[in-house]
Amino acid sequence: MLAKRSENYFPSIFDRFFNNDLMDWNLTNYSSTNTSLPAVNVRETEDEFSIEVAAPGMTKTDFNISFHNNVLTVSSEKKDEKKEKKENYSRREFSYQSFQRSFTVADNAVDSDKISAKYAEGILTITLPKREEVKPKPLKEIKIS
């Protein structure tokens, strides 16, 4: 029995050690103020970069998107206030949510004049087309003479 307890005891020590904040390389989905940040998918194809931001319950006017010095910044600020009045009391609740995420792309990789964004079904999709100079070139066969 004692050996069995030891086997169960050591994994829990190691699990706690490797799951604590020492191993957290700032990859969690929270800001320093413990507010939730939206989850993001980043994808690259031969022609473009695509960033999807999960932000349900928002409208397209809630977002600010900018591109400056090869940094794409997505931010949002949303305020909501509810008031309720009854006979002997009144209640007022409000919430304030904001976030900012920034993504750096390689120098001169993006055609900034063609960046586009759309918001549909809770997902903000930002498309950053690549400049022609950075797109992969097709294989060119060279004939031997």
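Laboratory data are not the source of any read-out in this text; all were calculated from the coordinates shown. Treat the numbers as computed from the prediction; the structure is a model and nothing was measured. All Cβ positions, glycine included, derive from the backbone under ideal geometry; neighbour counts span all protein chains shown.
Quick look at the values:
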{"quantity": "Selection from region 114-135 of residues that are of a type in the set (D, E, K, R) and in contact with a strand residue (DSSP E or B) (Cβ under 8 Å, 6 or more places away or on another chain)", "calculated": "K114, K118, K130, R131"}
{"quantity": "Residues of region 37-53 that turn out to be surrounded by 12 or more Cβ atoms within 10 Å (Cβ to Cβ) and outside any strand (DSSP E or B), as a count", "calculated": "3"}
{"quantity": "Tally, over region 68-117, of residues that are in a strand (DSSP E or B), within 20 Å of the chain's Cα centre (by Cα) and without any contact (Cβ under 8 Å) to a residue 60 or more places away in the chain", "calculated": "15"}
{"quantity": "Residue selected from region 118-142 under the condition among the charged types (D, E, K, R) and assigned to a loop (DSSP other than H, G, I, E, B), by the criterion farthest from R43 (Cα to Cα)", "calculated": "E141"}
